[in-house]
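Each reported figure results from applying straightforward, stated rules to the coordinates on display, with no laboratory input. Here the structure is a predicted model, which is why all the values come from computation and not from measurement. Neighbour counts run over all protein chains shown; Cβ positions are idealised from the backbone, glycine included.
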Amino acid sequence: MGRNANYLLISAVFFILTLFLNSCTDSDSPATPNVSHIRVNLQLQRFEQDLFALDTTQLEPGLQQLAANYPDFLPFFIAEIAHDQTNPNETPLEAITGFVTAPQVRRLNDSCQAVFPDLKSLKADLTQMVQFYQYYLPRHPQPRFVTAVTEFIGDAYAVNDSLVMIGLDMFLGENFSGYNPDYFPQYLRRQFSREFITTKVALALSSRIVGPPPGEQILDYMINNGKILYLMDLLLPGVPDSMKMGYTQAQMEGCYVNEQEVWARLLDMGVLYQPLNSKNQKIVMPSPNADNVFQEAPGEIGNWVGWQIVKAYTKRSPDESFEEILNLRNAQQFLEKAKYKPKRVK
């Protein structure tokens with residue numbers, strides 16, 4: 001067989017595989033509604049700019065002004081970000097003073113301002129996400145957003161039912177020198193870039209709405225995290241599944257190609273009804289891999305399977321709203337009603 005024939009054969013195989021993978025992802029995703037009519041007045045405040053603009057010789061009046069401008073965020077920031085946990089008697093003023101005058105924190109803020117001089121593109125992305133949020137969750141308050149420097153404490157966090165903090169210092173690029181690989185392994189650093197901000201925000205919002213698992217069994221985590229991923233899918237219909245999972249494209253493709261084998265392996269392991277422990281937590285918790293399932297299986301692969309189970313459920317119950325899906329908290333009943341049957345590559 002000549003070189004051209006080999007090339008055509010390889011191209012044909014690749015084309016068929018691509019069609020299969022597209023059919024697995026696009027056809028399984030919910031239809032995208034038209035939300036252009038939903039008006040959004042997005043609130044995105046840059047707390048870190050206001051904080052580091054304070055006169056460090058007159059911090060007390062500055063702190064009072066911050067309290068007026070950020071009434072529900074400043075107490076959270078002081079308690080969870082700025083407070084020295086080794087000093088339980090530290091006052092709010094002392095916490096803010098220590099944070100804004102620390103040289104390493106000021107350098108980190110300088111890096112954030114250099115990478116994010118403005119947030120126009122982020123504001124556009126968040127606006128579209130909020131349109132979908134209001135479409136699917138009309139009874140929930142419109143989310144508000146505030147950016148901060150967290151000294152690597154958090155990427156995105158739902159402070160309350162309507163406010164989300166975005167830690168800009170967690171999106172400075174995977175090669176940023178401040179990310180210690182001993183604390184942030186490569187599979188995490190891969191997600192420390194600006195294109196992941198909206199995905200992490202959607203994860204924070206979805207996690208807040210779905211809430212914690214109803215029980216401690218692996219299946220409870222799988223279904224609960226599957227609901228979180230399904231809601232993220234509704235909020236971010238244009239974002240690739242790989243980004244929602246934090247996977248490489250190759251890892252994502254491997255999940256779809258091996259879906260039936262993964263499900264069969266989980267059943268053979270008898271892990272679904274085991275309580276979460278150190279031996280099985282890779283299946284549903286962040287990890288570079290889930291090698292107890294398969295050697296090459298990525299971490300949290302059980303959450304991806306849970307996502308497919310939720311998709312199967314919604315196909316069988318197309319008239320149920322997402323709120324109704326949330327109210328079905330019994331993971332075993334959810335699995336039974338979903339009648340999940342994984343795909344197999346032929």
*Estimated translational D of region 86-166 in µm²/s (Stokes, Kirkwood radius over Cα pairs; 10 °C; 1.306 mPa s)*: 105
*Could you give the alpha-carbon Rg of region 212-338 over 2.2 N^0.38 Å, rounded to two decimals?*
0.99
*For the residue pair Gln58 and Lys279, what label-to-label distance in nm results when each label sits 7 Å from Cα along the Cα-to-beta-carbon direction?*
6.4
_Restricting the calculation to Cα positions, tell me the Rg (one decimal) and the Dmax (whole number) of region 291-331 in Å._
13.4, 39
*Highest-MSF residue in the chain out of Asn109, Asn87, Asn330 [GNM, Cα springs under 10 Å]*: Asn87
*Among the listed pairs Lys282/Lys337; Lys244/Lys341; Lys244/Lys311; Lys279/Lys337, give every one whose C-alpha distance is greater than 19 Å.*
Lys282/Lys337; Lys244/Lys341; Lys279/Lys337
_Additional length obtainable on full extension of the chain from Asp50 to Lys337, 0.36 nm per residue less Cα span_ = 98.2 nm
*Ordered by residue, what ³J(HN,Hα) values in Hz, to whole numbers, does region 309-319 give under the Karplus form 6.51 cos²θ - 1.76 cosθ + 1.60, where θ = phi - 60° and Gly and Pro are x?*
5, 5, 4, 4, 5, 5, 5, 7, 10, x, 8
*Rg/Rh for region 240-309: what does it come to with C-alpha atoms and Rh from Kirkwood?*
0.93
*With labels modelled as points extended 7 Å from the Cα through the Cβ direction, what inter-label distance (nm, one decimal) is found for Asp291 paired with Ala124?*
4.3
*Relative contact order for the chain using alpha-carbon pairs under 8 Å, separation at least 6, rounded to a whole percent?*
14
*asked:* From Cα pairs below 8 angstrom and at least 6 apart in sequence, can you work out the relative contact order of region 44-209, rounded to a whole percent?
replied: 21
*Over the residues of the chain, compute the C-alpha Rg and express it relative to 2.2 N^0.38 Å.*
1.11
*Dimensions of region 44-209 along principal axes (Cα, Å, largest first)?*
46, 37, 30
*What ranking, highest mean first, results for peptides 253-259, 34-40, 125-131 when packing means the other Cβ atoms within 10 Å averaged over each residue?*
125-131, 253-259, 34-40
*Where a Cα-Cα gap under 18 Å defines reach, which lysines qualify for Lys123, not counting those fewer than 8 residues away within the same chain?*
Lys200
*Over the alpha-carbon set of region 225-278, divide Rg by the Kirkwood Rh and report the Rg/Rh ratio to two decimals.*
1.04
*Return a whole-number percent for the relative contact order of region 212-338, with Cα pairs under 8 Å and 6 or more residues apart as the contact set.*
34
*What full-extension length gain, to one decimal in nm, is calculated for Met269 and Glu94 as 0.36 nm per residue of separation minus the Cα-Cα distance?*
57.8 nm
